[in-house]
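A.B. asks: Structure provided below as structure tokens; questions to follow.
Quick note: the coordinates plus some simple rules give every number you see, no bench work behind them. All values reported here derive from a predicted model rather than from experimental measurement. Here the Cβ positions follow ideal geometry from the backbone for every residue, glycine too, while neighbour counts run over all protein chains shown.
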Amino acid sequence: MLTFHGERKESGILLDFISILGGICWKIGNSLSCFKIMLKGDEGMGLKAEKLDLHKVDISGSKWQEVNAMELDISDVNLAKTKINNVNMSGMVLNDVNMGESRISNANLSGVGIQHANFSNAVIDHVHLYGTEFHNVVFPMEGDGNFNPDGQYKPISFQNCDLTNGQIRNCNLTNVEISDCDISGLKINGVLIEELLKYKEKL
């Protein structure tokens, strides 16, 4: 199905294909009728096939709705305060990106890989973390923008979390505090903590 949007121009050409308009032109009387073609998209909605090459353009406040924007190449772009809703971002690659103060909700992040990222003061609430792995989580080093030479940082905390069958290996747990938690079966270096507490109570 073709949808036509037309305009009329004076010309002596009988039949011409004008690629810059993406349409078809032909002569009727002394005028030339030109029509842009809109093709019906694969997803069942009318989509005009058009590639945009934007450079040094301010498109602030623009709205995209029912747009097929696969395989975009976006660099050196300010997307501050942009809102993205009901969007397929599977396989998307984000590199050298400032996402400070961003909010992600009702999202499928399974299989996501986050590397060399500043996650300081992030709040992760009501998420599924089964099978999630944390490797090489460290404090900022000298030269990092958020480095504190005093070594004083807000502590990492887990509250109201189900960490059943969690595993902590080869980690620095200096000054870690565990309180008001179910420690059934909790072991440190193979020793049941419950048994240690019971032994301490008997002393």
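A.B. asks: Which of the residues belonging to segment 174-203 are under 37 Å from the mean Cα position of the chain (by Cα) and β-branched (Val, Ile, Thr)?
C.D. replies: The answer is Thr174, Val176, Ile178, Ile183, Ile188.
Residues checked against (1) under 21 Å from Leu47 (Cβ atoms); (2) loosely packed, with under 10 Cβ neighbours inside 10 Å; (3) in contact (Cβ under 8 Å) with a residue 60 or more places away in the chain:
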| position | (1), (2), (3) |
| --- | --- |
| Ala69 | yes, no, no |
| Leu72 | yes, yes, no |
| Asn78 | no, yes, no |
| Thr82 | no, no, no |
| Asp96 | no, yes, no |
| Glu101 | no, yes, no |
| Gly111 | no, yes, no |
| Gln115 | no, yes, no |
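A.B. asks: I've got another one for you. Consider Gly185 against the criteria (1) within 30 Å of Glu66 (Cα to Cα); (2) in contact with a strand residue (DSSP E or B) (Cβ under 9 Å, 6 or more places away or on another chain): it satisfies all of them except one. Which criterion is unmet?
C.D. replies: (1)
A.B. asks: Determine the pairs where a residue that is in contact (Cβ under 8 Å) with a residue 60 or more places away in the chain and of a type in the set (S, T, N, Q), located within segment 181-195, has a partner that is surrounded by 11 or more Cβ atoms within 10 Å (Cβ to Cβ) and not in a loop (DSSP other than H, G, I, E, B) with Cβ atoms under 8 Å apart, the partner being 6 or more residues away or on another chain.
C.D. replies: Close Cβ pairs satisfying both conditions: none exist.
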